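Below is one structure, written out as structure tokens, with a few remarks after it.
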Amino acid sequence: MADSPLLSLRGVSKRFGAVRALVGVDLDVRAGEVVAIVGESGAGKSTLIRVMAGVEAPDSGDALWQGEPLDLRKPRAVRRLGVAAVHQDQQLCLNLDVISQLFLGRELRRFGLLDEVGMEQRARRLLDCLRVRIADLRAPLAALTAAERQSIAIAGALIDDPALLLLDEPTAGLDPQQSALLLQLVRRLRRSRLGIVLVSHNIDDVLEVADRVAVLRLGRNAGVFETRYAGQEQIVSAVSGNQILAAALQRSLLPLDLPKLETVDTAFRYLPAQAGAGGDWFDVIPLSGARVALVVGDVVGHGLSAAATMGRLRTAVHNVSHLNLPPAELLAHLDDVVSRLDEERGAAGGHNDIIGATCVYAVYDPVARQVAVARAGHLPPLLVQPDGRTAFADVPAGPPLGLGGMPFEAVELPLPDGAQLLLFTDGLVERRDRDIDVGLDLLLRTVRQDGDSSPGRLCDAVISALLPADEAGEAPDDVALLVARAQGLPADHVATFDVPADPAEVAEVRAKATRQLHRWNLDDLAFTTELILSELITNAIRHGRGPITVRLLRSRSLVCEVSDGSSTAPHVRYAASTDEGGRGLFLVAHMSERWGTRYTDRGKIIWTEQRLP
């Protein structure tokens with residue numbers, strides 16, 4: 001299907017008096033594909049079929065046949081090129097037999113006489129090729145079933161061996177069994193490399209046989225969907241106009257901008273699909289300890305359901321990320337969230353279309369200059385080293401979110417200063433005319449060539465190479481691309497002190513911290529930092545166990561961390577007026593902008609953040 005279209009329409013319009021039946025309609029049909037046209041009554045479907053067949057002359061617009069201009073106002077020229085149509089209101093002569101109907105107006109003659117034998121032989125070969133079983137070709141059409149009569153109408157359109165067949169509501173008036181037989185015929189015609197345009201009011205029929213679905217709404221294009229990506233809800237949403245609401249909802253749920261951070265330089269590109277709002281999302285989330293979470297996810301499908309589910313998952317990632325869990329554990333929590341969403345939908349009698357959501361979650365540590373990555377059914381990130389070496393990160397592929405039962409596995413990778421990490425959705429590399437492996441290879445080559453560019457320029461280079469400007473708006477799936485360039489904290493922005501398990505040593509640690517703040521020109525924070533460290537170190541000595549370590553980080557804020565070997569976390573409580581203790585953490589929370597607990601393999605870290613003056 002990568003070849004040029006058989007028929008291309010651009011900006012086709014048609015008016016009947018004051019009624020605008022078609023307004024700037026675009027459509028492409030290729031050999032060997034079925035393009036379905038759907039829409040509400042009065043959307044302009046039948047009018048478009050008549051225009052394509054040359055029956056109705058368009059008021060404006062252009063048409064190309066295999067790249068050459070075509071005048072749709074000349075019906076004979078249209079038919080000579082190989083366009084045949086079976087119209088919804090086409091009348092058959094029920095008193096004629098099958099052969100007479102097939103050759104009506106184009107009878108075969110031999111020596112000036114009707115060639116009855118030749119017509120019967122050709123009719124039999126054609127019907128056998130189409131697998132249309134009619135025992136007696138001399139039987140009148142009135143004796144045939146509705147499905148057989150519709151098959152005869154289609155066969156009659158194929159007598160002259162057309163390249164493009166237009167079918168306007170061929171299953172209208174047929175029962176399900178008869179419709180199934182007719183759809184089997186459409187499939188066989190597609191395998192013979194015939195281009196087919198199918199108008200139908202039955203979305204199930206459309207999804208069964210069509211490669212693409214063009215939606216008309218009030219005579220205008222309302223989206224073109226590839227059936228391998230789209231579902232019934234998405235198409236119905238476009239038919240009813242809900243896709244506009246879905247697009248607005250999605251825009252409100254995606255980040256408007258990314259946070260400006262000292263340790264990572266980030267850029268993103270989001271391209272919506274031609275089919276409308278999808279379920280791709282991305283995020284950059286500041287974490288404790290100057291760490292940064294990088295997230296890209298994808299919910300299968302388009303429309304309101306996909307956009308709403310995307311918003312719920314993005315919110316869940318934000319909430320769970322602030323628990324400072326390792327990537328694998330975070331994905332396990334997100335997997336539980338998706339499972340509960342599925343259960344809620346199932347209990348409400350809805351379809352289970354959330355399973356298939358994927359996500360890749362990475363946490364960059366600018367002090368260790370490492371990134372921990374885990375993925376759930378998602379494509380692996382692409383890692384670009386400062387020296388230009390480029391490769392996809394070897395991260396185990398966990399199951400998609402919502403399946404449950406299988407653990408996720410994270411890996412830690414070195415991420416030196418200047419290295420870049422690319423996270424993306426499959427819409428970037430997979431297209432209807434390009435295998436995903438080809439797209440991944442093209443992405444790799446592009447990044448190798450432009451890997452030393454800034455994240456913004458690298459985003460532009462990748463989009464330009466994989467989604468050319470003239471095709472970017474025709475992508476069947478939406479695209480999310482996130483690029484992050486690492487810039488670790490300088491060594492002189494990190495200070496670490498070991499603390500003996502002796503309350504008498506707290507004063508010495510406070511003094512060291514004060515001297516360090518003076519070197520950082522942060523004397524204004526010395527008093528509050530001393531109070532915070534006094535409380536946290538004292539709690540670690542009394543209630544925790546060694547080794548105890550203090551770490552100060554000068555990043556987007558002043559970070560104070562006290563770690564010990566215990567996994568018991570302190571809690572703020574309101575002390576009564578007669579209590580001698582219990583006010584320490586309350587003061588810590590009051591003097592800090594943020595504070596919390598982060599668990600490690602060796603115990604826990606109590607951290608606080610203070611805004612820089």
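The values are calculated or read from the model by the stated rules, or taken from the named source; none is laboratory data. Please read all numbers here as calculations on a predicted model, not as lab measurements. We place every Cβ from the backbone using ideal geometry, glycine too, and count neighbours over all the protein chains shown. Surface areas here come from the heavy atoms of the whole protein model, side chains and all, with no ligands, DNA or RNA. Shrake-Rupley method; radii C 1.70, N 1.55, O 1.52, S 1.80 Å.
Assorted remarks:
- Close amide-amide hydrogen proximity is noted between Asp417 and Gly488, each under 5 Å apart and 5 or more residues distant or on a separate chain (H modeled in the peptide plane; Pro and chain starts excluded).
- When each of the peptides 152-165, 321-334 is scored by how many other beta carbons lie within 10 Å of its residues on average, the order from highest to lowest is 321-334, 152-165.
- Cβ-Cβ FRET estimate between Ala142 and Arg10, R0 fixed at 30 Å, reported to 0.05: 0.10
- Taking each residue as 0.36 nm, the span from Val19 to Phe111 lengthens on full extension beyond its C-alpha to C-alpha distance by 28.0 nm.
- The stretch 30-95 versus the stretch 130-151: alpha-carbon centroid distance in Å: 25
- Of the trypsin sites (Lys or Arg not before Pro) found in the stretch 124-213, those that fall in a DSSP loop while having at most 15 other beta-carbon atoms within 10 Å are Arg131, Arg133, Arg138, Arg193.
- The helix-only estimate of mean residue ellipticity at 222 nm for the chain, built from DSSP H runs of length n ≥ 4 each weighted as -39500 (n - 2.57), is -10000 deg cm²/dmol after division by the residue total.
- Helix runs (DSSP H) in the chain reaching 18 Å along axis by Cα, Kyte-Doolittle at least 1.0: none
- Sulfur and carbon atoms: percent of accessible area, the stretch 309-439 [1.4 Å]: 52
- Förster radius 25 Å - calculated FRET efficiency between His201 and Asp441, Cβ distance, rounded to 0.05: 0.05
- Cβ-derived FRET efficiency at R0 30 Å, Arg191 paired with Leu64, nearest 0.05: 0.75
- Proximal charge balance of Ser453 [Cβ under 10 Å; K/R count +1, D/E count -1]: -1
- Cα-based shape type of the stretch 362-404, given that a ≥ b ≥ c are square roots of the gyration tensor eigenvalues and the cut on a/c is 1.5: oblate
- Ordering of 51-64, 27-40, 489-502, 442-455 by packing [mean C-beta count within 10 Å, highest first]: 27-40, 51-64, 442-455, 489-502
- Mean accessible surface per residue for the chain, computed with a 1.4 Å probe while every protein chain stays in place, in Å²: 45
- Taking every alpha-carbon pair under 8 Å whose residues sit at least 6 apart, the stretch 10-158 reaches a relative contact order of 18 percent.
- Potential lengthening between Asn95 and Glu40 on full extension [0.36 nm per residue; Cα-Cα distance subtracted]: 16.4 nm
- The loop-placed GluC sites (Glu not before Pro) in the stretch 350-446, going by DSSP, that have at most 16 neighbouring Cβ atoms within 10 Å of their Cβ come out as Glu409.
- Summed side-chain charge close to His201 - residues other than His201 whose Cβ falls under 12 Å, Lys, Arg +1, Asp, Glu -1: -4
- Among the lysines of the chain, pairs that are 8 or more positions apart or on different chains and have alpha carbons within less than 23 Å of each other number 4.
- For the chain, the relative contact order comes to 10 percent (Cα pairs under 8 Å, sequence separation of at least 6).
- Accessible surface of the stretch 1-158 [probe 1.4 Å, protein heavy atoms]: carbon and sulfur percent: 49
- Computed on the stretch 76-211, with alpha-carbon pairs under 8 angstrom and 6+ residues apart, the relative contact order is 32 percent.
- Tensor-based shape of the stretch 119-224 (alpha-carbon gyration tensor, a/c under 1.5 rounded, otherwise prolate or oblate): prolate
- In loop segments of the stretch 56-149 as defined by DSSP, the chymotrypsin sites (Phe, Trp or Tyr not before Pro) with at most 12 further C-beta atoms inside 10 Å of their C-beta are Phe111.
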